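Visitor: The structure is given below, and queries will be raised subsequently.
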Amino acid sequence: MSNYQILYDNLKELRLNQMSIMLGQYLDQINEGKISVVDALYELTTKEIEVKNFNARNAMVKVAGFPHQKELKDFDFDFQPKINKQQFLDFESLRFLETNSNILLIGNSGVGKSHLATSIGIAAAKKRISTYFIKCHDLIEQLKRAHLENKLENRLKHFAKYRLLIIDEIGYLPIGEQEAKMFFQLIDRRYEKKSTIITSNISLSDWTDIFTDNMLASAILDRLVHHSSIVNILGSSYRTAEALSKVNQKKEVSCT
């Protein structure tokens with residue numbers, strides 16, 4: 001077996017796939033005097049790193065559980081002119097993670113809260129920051145099931161480990177006292193250690209309507225709002241506007 005074949009096999013064994021694919025091409029350029037050995041190795045290793053980073057970023061985004069792949073560049077700020085775009089560009093920079101700060105997005109259904117939260121999460125995942133997105137109802141159900149199976153501690157550790165946890169749609173369903181206690185434990189574990197993004201259709205002053213226990217509601221809010229950016233999103237619903245647009249299009253068609 002030639003040294004070339006051994007080298008090629010070694011690269012495959014080390015999973016340096018890009019280098020093995022492009023090895024022959026660069027050896028030809030070296031033999032023709034078009035590139036030095038050092039420059040060839042530099043370019044080969046750079047391409048390998050770029051591909052590995054790209055694949056790692058995609059893997060982080062994939063396992064984060066996002067409902068869609070909508071980023072901040074896909075958000076229609078013209079439709080929601082009251083939203084401070086610069087503020088969300090700052091969120092996208094992930095500066096808030098440096099101080100373990102939280103982001104609370106409050107507003108009516110359909111105004112874009114989940115899209116904005118997801119876009120920040122995708123920016124974090126692309127930086128290979130451990131990120132997870134979950135609906136509040138699904139989170140509560142997982143904690144309840146873990147409690148029944150005597151695995152609550154493991155489940156709390158699981159959700160507490162993410163550097164960025166996005167809990168979507170708090171307030172659509174009431175949360176009982178037992179569930180609120182488990183939710184509090186999670187928020188308390190993350191407090192001042194990790195960042196959490198919350199979306200809710202209920203104003204913070206009315207969170208006692210979500211959590212049946214007023215003391216727990218206050219304790220949860222106290223930890224979430226400390227070191228946080230609270231954004232109240234006032235605007236029209238994208239879904240309603242889209243539905244009305246389709247109705248109007250059908251009317252126009254029927255009239256022609």
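The values are calculated or read from the model by the stated rules, or taken from the named source; none is laboratory data. Just so it is clear, the structure is predicted and the values come from calculations on it, not from any experiment. Cβ atoms come from the backbone with ideal geometry, glycine included; neighbour counts cover every protein chain shown. Heavy atoms of the whole protein, side chains included, go into the accessibility calculation; ligands, DNA and RNA do not. Shrake-Rupley method; radii C 1.70, N 1.55, O 1.52, S 1.80 Å.
Visitor: How about the range 1-28: which of its residues are without any contact (Cβ under 8 Å) to a residue 12 or more places away in the chain and of a type in the set (Ser, Thr, Tyr)? Step through it out loud before you land on a result.
Guide: Looking only at the range 1-28, we keep the residues that are without any contact (Cβ under 8 Å) to a residue 12 or more places away in the chain, and these are 1-3, 5-6, 9-10, 12-15, 21, 24-25, 28.
Hit for the range 1-28 is Ser2, nothing else.
Visitor: Please work out which residue is nearest to Asn55 (Cα to Cα), limiting yourself to the range 84-95 and to residues that are part of a helix (DSSP H, G or I) and open to solvent by 20 Å² or more (accessible area, probe 1.4 Å).
Guide: Narrowing the range 84-95 to residues part of a helix (DSSP H, G or I): 85-92, 95.
Narrowing the set further to residues that are open to solvent by 20 Å² or more (accessible area, probe 1.4 Å) leaves 85-87, 89-90, 92, 95.
Working: Lys85: 30, Gln86: 30, Gln87: 29, Leu89: 25, Asp90: 26, Glu92: 21, Arg95: 24 Å.
Among those that are part of a helix (DSSP H, G or I) and open to solvent by 20 Å² or more (accessible area, probe 1.4 Å), it is Glu92.
Visitor: Give the range 108-141 a look and list any residue that's closer than 15 Å to Glu169 by Cβ and among the polar types (S, T, N, Q), or say none.
Guide: Asn108, Ser109, Ser114, Thr118, listed by residue number.
Visitor: Can you pull out every residue in the range 157-183 that is more than 17 Å from the chain's Cα centre (by Cα) and under 25 Å from Lys113 (Cβ atoms)?
Guide: Let us first name the residues in the range 157-183 that are more than 17 Å from the chain's Cα centre (by Cα), namely 157, 171-183.
Listed by number, the residues that qualify are Gly171, Tyr172, Leu173, Pro174, Ile175, Gly176, Glu179, Ala180, Met182, Phe183.
Visitor: Please go through the range 108-124 and give me each residue that is at positive phi and either crowded, with 19+ Cβ neighbours inside 10 Å or in contact with a strand residue (DSSP E or B) (Cβ under 6 Å, 6 or more places away or on another chain) (or both), ordered by number. Break it down stepwise before answering.
Guide: Pass one, the range 108-124, residues at positive phi: 110, 112.
Passing the criteria: only Gly112.
The rows are residues; the columns are (1) modelled with pLDDT of 95 or more; (2) outside any helix (DSSP H, G or I); (3) exposed (fewer than 13 other Cβ atoms within 10 Å of the Cβ).
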| position | (1), (2), (3) |
| --- | --- |
| Phe54 | no, no, yes |
| Gly65 | yes, yes, no |
| Lys70 | no, yes, no |
| Pro81 | no, yes, yes |
